[in-house]
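**Student:** Dropping the structure in here first, questions after.
A short reminder: the numbers here are calculations on the coordinates, not readings from a lab. Not measured: the values here are computed from a predicted model. Every residue, glycine as well, gets a Cβ built from its backbone with ideal geometry; the counts of neighbours run over all protein chains shown.
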Amino acid sequence: MTGIMALIVLAVGLTLAWLRASILSWLLAGVVLTFLIASESRISAEALQIIYLVFGLTAALLGIPPLRKKLISAPLLHGFQRRLFPLWQSARRLDETRHWAGEPFSDHPNWEHSTFDGQTDAPDFLAAVLHGHPYWQRELAALQQPTPGLQLDAFDAALLSHLSFILSNATRSCLLGLSNGWGMAAPKRAAMPQPYRQLNRLSAAVSLLGDVLPLYFGERLCAQSPQLDRLLPPFQQAVAALRELPHTAAAETRALDIRIHAALYEIEQGLDAVLHTLPRWLRWPLWLLIFPLGWRLMAPPAS
């Protein structure tokens, strides 16, 4: 029964993460799963009551707008103005409506999008996050509202969706790390579906860093930019090689496979290098979310 329960938790987590479910949906799922787990284990009634109390208080804080605005959104808006607004103001804007470098940070990366064909430049990490992330832009736009009340309303509207986005990315990154990419769909006509699954896994990890690192570093993130910038080009290189695959002669597919694997390996090693720049209290939780079973890719052959 324990194995069945683990599969249920895995399935629920992946479904909520894929649907980008709201925070309240996550809380409801947590209550239901807690009840199911408690019915199959020896959790005491007192412990169960404490767990349900925590879920109830969290639901009240997030689900009652006046309470949420006063206790959560207003302090976070103040912190955003002081710590993050100068960072995003300094970030370079990308002219294109859609750029390939924004795909790893988007809701659902589209590895078949035409931007991977026509754009070969690699913008810096901050520009890519701001361009592709669905909620940093909305929170930044909230500060352009004419009055503090309107700023808080706009920020609060974006905040809940942003919190669920972070939770979804953390869940996707961990579960896809456990399954080595299985659980997320590859393009239907993909000649090699597994590299696309690896791209989904790695993009969830990079997107998670796109949320966590600005919050931790603030304006100091600019000093980390050279190392972070190296995370993005391998995405374009891997997708470009995958695009070539259907049009490549069988004798040349081995070389193309090595190119794909090398690009994916470079992303994974880049993530590891970034994590090692962080303090332990932040590094290890992120490591468990991104590499729950350690590195999943072996070094590619030299030729």
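**Student:** Can you tally the net charge around Gly149? Count Lys and Arg as +1, Asp and Glu as -1, for every other residue whose Cβ sits under 12 Å from the Cβ of Gly149.
**Tutor:** It works out to a net charge of -1.
**Student:** Also: Using packing as a proxy for protection, rank 201-214, 44-57 so that the peptide with the highest average count of other Cβ atoms within 10 Å comes first.
**Tutor:** Sorting 201-214, 44-57 by mean packing, highest first, produces 201-214, 44-57.
**Student:** Now for a different question. Which value, in debye to the nearest 20, gives the size of the charge dipole of the range 1-86 about its Cα centre, when Lys and Arg are +1 and Asp and Glu are -1 at the Cβ?
**Tutor:** Value, rounded to 20: 540 debye.
**Student:** Something else: Sort 282-290, 219-227, 256-264 by packing, meaning the average of other beta carbons within 10 Å per residue, with the highest value first.
**Tutor:** 256-264, 282-290, 219-227
**Student:** To the nearest Å, what is the center-to-center distance of the range 20-38 and the range 156-181, using C-alpha atoms only?
**Tutor:** 15 Å
**Student:** So, one more: If one computes P(r) from the Cα atoms of the range 1-63, what percent of pairs lie at distances over 19 Å? Present the calculation step by step, with values, prior to reporting the outcome.
**Tutor:** Details: 742 of 1953 pairs.
Above the 19 Å cut-off, the range 1-63 has 38 percent of its Cα pairs.
**Student:** Can you tell me the FRET efficiency between Thr34 and Ala60 if r is taken as the Cβ-Cβ distance and R0 is 25 Å, rounded to the nearest 0.05?
**Tutor:** That pair, Thr34 with Ala60, gives E of 0.90.
**Student:** Can you work out the FRET efficiency for the pair Gln137 and Thr15, with r the C-beta to C-beta distance and R0 = 25 Å, to the nearest 0.05?
**Tutor:** Working: r = 27 Å, r/R0 = 1.07.
It comes to 0.40.
**Student:** How do the peptides 58-70, 168-180 rank, highest first, by the average count of neighbouring beta carbon atoms within 10 Å per residue? Provide the component values of the computation, followed by the final result.
**Tutor:** On the way: 58-70: 14.0, 168-180: 21.7.
Put in order of decreasing packing, that is 168-180, 58-70.
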